[in-house]
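The values are calculated or read from the model by the stated rules, or taken from the named source; none is laboratory data. Please read all numbers here as calculations on a predicted model, not as lab measurements. Cβ placement follows ideal geometry from the backbone for every residue including glycine, while neighbour counts extend to all protein chains displayed. Heavy atoms of the whole protein, side chains included, go into the accessibility calculation; ligands, DNA and RNA do not. Shrake-Rupley method; radii C 1.70, N 1.55, O 1.52, S 1.80 Å.
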Amino acid sequence: MSDKVRLQTTPATITETGDAWILHLPRFGEEGTHFHSYGLLTPYFKGLKEGRLLGTRCVCPECPISRGDGELWLPPRADCPDCHQPMVWEEVEKPEGYVYAYTYVERGGTGLEIECPYYQIDVKLDGVASIVKSYLLDRKPIKIGDRVRARFRTGSEATHTCLDLCWELA
Ligand SMILES: [Zn+2]
């Protein structure tokens with residue numbers, strides 16, 4: 001078994017409608033293609049394809065919580081839940097953090113596109129308020145607190161889904 005986790009994906013394609021990406025995911029063959037729009041969250045997926053991790057921040061001065069200087073959120077939110085105004089996009093400068101929690105997945109359910117076994121990890125990123133869930137590329141035993149850094153599937157490797165963000169031990 002490889003010491004790195006691989007994906008077992010059927011490549012997805014995208015079309016652009018205005019600023020939004022529409023994903024075509026042929027998960028169950030051509031007739032079973034699932035279509036869905038990333039809508040206002042499209043910049044997040046475009047960022048992954050370019051090897052950039054983008055979050056959102058509320059900068060509305062009238063916001064009762066952020067008061068114009070909100071924390072960076074990931075996964076991103078298009079609109080602020082506190083003042084309902086659009087949030088602004090910002091790149092995570094150094095996409096690193098630590099393992100906040102993890103699950104060792106030996107057997108996945110139907111449709112899982114990550115080769116088992118693998119570690120599903122929750123990452124607390126430096127400078128980000130929230131916690132991001134994804135998978136670890138390494139198959140080495142891990143513990144809570146281990147440092148990790150983001151890896152991206154870009155170019156021809158891109159799946160155009162959340163699987164394009166993963167982590168490796170730092
Ligand atoms: Zn706000």
Just one of the numbered conditions (1) under 24 Å from ARG27 (Cβ atoms); (2) open to solvent by 60 Å² or more (accessible area, probe 1.4 Å); (3) of a type outside the set (A, V, I, L, M) is not true of GLU113; which one? (2)
Do you know which of the residues in the range 27-45 that are exposed (fewer than 15 other Cβ atoms within 10 Å of the Cβ) and not in a strand (DSSP E or B) is farthest from the chain's Cα centre (by Cα)? GLU31
Breaking point among (1) within 18 Å of the chain's Cα centre (by Cα); (2) assigned to a strand (DSSP E or B); (3) under 22 Å from MET1 (Cβ atoms), for LEU112: (2)
Answer from GLY97, GLY55, GLY70 - the residue that is near the ligand (Cβ under 10 Å from one of its atoms) and in contact (Cβ under 8 Å) with a residue 12 or more places away in the chain: GLY70
Those residues that are under 16 Å from the mean Cα position of the chain (by Cα) and farther than 13 Å from ALA129 by Cβ, I need them from the range 61-99; list them, please. ALA78, TRP89, GLU91, GLU93, LYS94, PRO95, GLU96, TYR98, VAL99
Could you grab me the full set of residues in the range 79-94 that are surrounded by fewer than 19 Cβ atoms within 10 Å (Cβ to Cβ), within 8 Å of the ligand (Cβ to nearest atom) and closer than 21 Å to ALA20 by Cα? HIS84, GLN85
THR13 - would you say it is modelled with pLDDT under 95 and either touching a helix residue (DSSP H, G or I) at 6+ places or on another chain (Cβ under 9 Å) or surrounded by 14 or more Cβ atoms within 10 Å (Cβ to Cβ) (or both)? no
Considering (1) over 21 Å from THR42 (Cα atoms); (2) part of a strand (DSSP E or B); (3) of a type in the set (Val, Ile, Thr), say which one ILE144 fails and leave the rest. (2)
Residue under evaluation PRO76, criteria (1) assigned to a loop (DSSP other than H, G, I, E, B); (2) open to solvent by 60 Å² or more (accessible area, probe 1.4 Å); (3) in contact with a Pro (Cβ under 9 Å, 6 or more places away or on another chain); (4) more than 10 Å from the ligand (Cβ to nearest atom), criterion not met: (2)
Suppose we filter the range 52-73 for residues that are surrounded by 15 or more Cβ atoms within 10 Å (Cβ to Cβ), in a loop (DSSP other than H, G, I, E, B) and of a type in the set (D, E, K, R); how many remain? 1
May I ask you to list pairs of residues, at least six apart or on different chains, whose Cβ atoms are under 8 Å apart, with the first in the range 22-44 being under 12 Å from THR161 (Cα atoms) and the second being among the charged types (D, E, K, R) and open to solvent by 40 Å² or more (accessible area, probe 1.4 Å)? ILE22/GLU16; THR42/ASP19
